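I have placed the structure first, in the form of structure tokens, so that the comments after it can refer back to it.
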Amino acid sequence: MGAKVPRNFRLLEELEKGEKGLGAEACSYGLEDGDDISMTNWNGTILGPPHSVHENRIYSLKIHCGENYPDSPPQVTFISKVNLPCVNPNNGKVDLSKLPSISQWKRDFTMETILIEIRRYMAAPAHKKLPQPPEGTNY
């Protein structure tokens, strides 16, 4: 097993990728405050997947990378209201253990991995027709 990449180095890599828009087209993320040296609080955006009730919607999320990231997963919270089994209906917190491919957290996973997984979850047959709160409503 290679040397562990330190938290800040890893977050800088993610920041650069996010800022250059090298990630998946339908998901984006960046630092909430460009001056945040600890790189703790991030904003994420997911474009609703086509052929689902989420189509043409833009969902905003907050991502909190704690001191133990990437050894432990960040806290991800929807700002935009959404009706999904992996999201707490009261506060928008995402339960990552309910997302099939990332329920077992690995340190190679990134914020982008999480956003892509949430979007895939939205598009899943079991969820893509769930009635959604009015567009533009927030927690």
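The values are calculated or read from the model by the stated rules, or taken from the named source; none is laboratory data. Since this is a predicted model, take the numbers as computed values, not measurements. Every residue, glycine as well, gets a Cβ built from its backbone with ideal geometry; the counts of neighbours run over all protein chains shown.
The set of residues in the range 28-57 being hydrophobic (A, V, I, L, M, F, W, C) and under 19 Å from Pro70 (Cα atoms) consists of Leu31, Ile37, Met39, Trp42.
Of the residues making up the range 54-81, those that are assigned to a loop (DSSP other than H, G, I, E, B), closer than 12 Å to Arg119 by Cα and in contact (Cβ under 8 Å) with a residue 12 or more places away in the chain are His54, Arg57. Filtered by the rule that a residue be in a loop (DSSP other than H, G, I, E, B) and in contact with a strand residue (DSSP E or B) (Cβ under 8 Å, 6 or more places away or on another chain), the range 26-53 gives Ala26, Glu32, Asp33, Met39, Thr40, Gly48. For the range 61-74, residues that are surrounded by 13 or more Cβ atoms within 10 Å (Cβ to Cβ) and either of a type in the set (S, T, N, Q) or in contact with a strand residue (DSSP E or B) (Cβ under 6 Å, 6 or more places away or on another chain) (or both) total 5.
Flag set for Gly18, criterion: assigned to a helix (DSSP H, G or I) and either more than 14 Å from Thr110 (Cα to Cα) or touching a helix residue (DSSP H, G or I) at 6+ places or on another chain (Cβ under 8 Å) (or both).
Contact map, the range 89-104: residues that are in contact (Cβ under 8 Å) with a residue 12 or more places away in the chain and surrounded by 12 or more Cβ atoms within 10 Å (Cβ to Cβ) paired with residues that are among the hydroxyl-bearing types (Ser, Thr, Tyr) and in a loop (DSSP other than H, G, I, E, B), Cβ distance under 8 Å, separation 6+ or inter-chain. Pairs shown: Gly92/Tyr139; Leu96/Ser103.
Applying a threshold of 9 Å to beta carbon distances and a minimum spacing of six or more residues, or different chains, the list of pairs starting in the range 1-17 at a residue that is more than 16 Å from Glu67 (Cα to Cα) and ending at one that is at pLDDT below 90 and not in a helix (DSSP H, G or I) reads Glu13/Val5; Glu16/Leu22; Lys17/Gly23.
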